[in-house]
Amino acid sequence: MKAIVSAIFLLLVFTQATIADELAKQSQNPLGTIISLPFENNFYTGIGPSDSSVYALNMKPVYPMKVGKWNLVNRFILPAIYSQGQDMVVPTGIEIDAGYSGLIELTQGSAFGLGDLTYQAFFSPAKASKWVWGAGPAFVLPTATEDRYASDKWSVGPAVVALSMPGNWVYGILAQNVWSFAGDSNAADVNKFLFQYFLNYNLGDGWYLTSTPVITANWEASSGNEWTIPLGGGAGRLVKHGKLPVDYKLTVYKHVEKPQFGADWNVQFTVKFLFPKN
């Protein structure tokens with residue numbers, strides 16, 4: 001009897017671990033069919049001549065839909081930003097690039113507010129294959145509530161994703177470029193490229209190693225100040241709180257290429273709530 005109980009217990013533990021591992025891989029898939037609500041906390045340090053800091057919370061809900069033989073993955077990114085002011089006068093128009101949080105103008109005085117909203121719509125074949133891909137439009141809407149975070153422009157452009165999930169690996173790329181087409185005529189034009197590679201290795205029991213930096217190029221910036229390139233990585237784990245799976249991830253990135261006053265480091269802590277279909 002004890003042997004049977006032990007076998008059942010071990011089977012349940014193994015099943016739960018397998019489910020956690022599979023959910024972890026699905027959580028790492030930007031084209032996954034699971035509804036999710038990530039809260040991505042970004043801490044940027046070493047900014048400007050005063051070595052100030054920026055905190056950016058990116059709220060990134062994902063809502064997938066089935067459209068015939070296609071999946072439509074709707075991704076939204078709404079940043080809430082707090083930036084420390086510079087202790088000294090900074091020339092107007094000096095900006096740093098905070099990835100999905102957008103461009104942040106450096107100035108004196110601290111401020112909190114919402115940034116511009118990004119919406120990505122990826123159409124992806126519903127039929128499974130070795131490589132998963134998706135493409136569609138990316139829109140940036142001028143929703144910022146604070147001037148230093150606002151583009152004051154409507155922007156649009158193409159976005160693509162491609163990935164593979166062999167064995168314990170989940171790896172791929174995401175890229176987009178948006179151009180402004182409307183908005184405040186006195187505001188600077190927008191022409192911004194974003195590239196993100198994601199490399200994840202799942203260790204078991206929901207644990208994984210990860211590197212998912214957001215590389216950007218602001219083509220409107222002056223020569224030598226276009227690129228922001230972070231390198232680094234970290235680890236994460238998917239945990240089930242009752243029936244609710246939650247994916248926790250901590251990463252650290254060094255900006256090896258950046259504008260003159262760009263951030264030196266980015267520490268990122270993400271909490272992602274998953275809502276798989278029963």
Using the structure shown, decide if A187 is in contact with a Pro (Cβ under 9 Å, 6 or more places away or on another chain), in a loop (DSSP other than H, G, I, E, B) and farther than 24 Å from V267 by Cβ.
yes
Taking K272, is it exposed (fewer than 15 other Cβ atoms within 10 Å of the Cβ) and in contact (Cβ under 8 Å) with a residue 60 or more places away in the chain?
no
Go through A111, A98 for me and flag whichever is more than 22 Å from S222 (Cα to Cα) and in contact with a strand residue (DSSP E or B) (Cβ under 8 Å, 6 or more places away or on another chain).
A111
Read through the list (1) surrounded by 18 or more Cβ atoms within 10 Å (Cβ to Cβ); (2) more than 19 Å from V156 (Cα to Cα); (3) touching a Ser or Thr at 6+ places or on another chain (Cβ under 6 Å), then give the number of the only condition that V190 fails.
(2)
Tell me the residue from V54, V89, V73 that is under 16 Å from V214 (Cβ atoms) and touching a residue at least 12 places away in the same chain (Cβ under 8 Å), please.
V54
Which residues, counting only those in region 113-141, are among the polar types (S, T, N, Q) and more than 20 Å from N191 (Cβ to Cβ)?
S124, S129
Could you please find all residues in region 174-183 being surrounded by 13 or more Cβ atoms within 10 Å (Cβ to Cβ) and not polar (S, T, N, Q)?
L174, A175, V178, W179, G183
Filtering region 48-74 down to residues that are touching a strand residue (DSSP E or B) at 6+ places or on another chain (Cβ under 6 Å), over 16 Å from G115 (Cα atoms) and not hydroxyl-bearing (S, T, Y) yields V62, P64, M65, W70, N71, L72, V73, N74
Pick out, from region 69-168, the strands (runs of 3 or more DSSP E) lying fully within it that include 2 or more residues that are of a type outside the set (F, W, Y), at pLDDT 95 or above and in contact with a Leu (Cβ under 9 Å, 6 or more places away or on another chain).
70-83, 117-125, 131-141, 153-164
Pairs only if they're at least six apart or on different chains, beta carbon under 8 angstrom, first in region 199-225 and within 15 Å of G236 (Cα to Cα), second in a loop (DSSP other than H, G, I, E, B) and of a type in the set (S, T, Y); list them, first residue then second.
L199/T212; N200/T212
Modelled with pLDDT under 95 and surrounded by fewer than 16 Cβ atoms within 10 Å (Cβ to Cβ): is that true of G224 in this structure?
yes
Checked pairs for region 123-134, first in contact (Cβ under 8 Å) with a residue 12 or more places away in the chain, second in a loop (DSSP other than H, G, I, E, B) and loosely packed, with under 15 Cβ neighbours inside 10 Å, C-beta under 9 Å and 6 or more apart or across chains, list as P125/K69; A126/G68; A126/K69; K127/K69; K130/P166
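The values are calculated or read from the model by the stated rules, or taken from the named source; none is laboratory data. Treat the numbers as computed from the prediction; the structure is a model and nothing was measured. Virtual Cβ from ideal backbone geometry, glycine too; neighbours counted across all protein chains shown.
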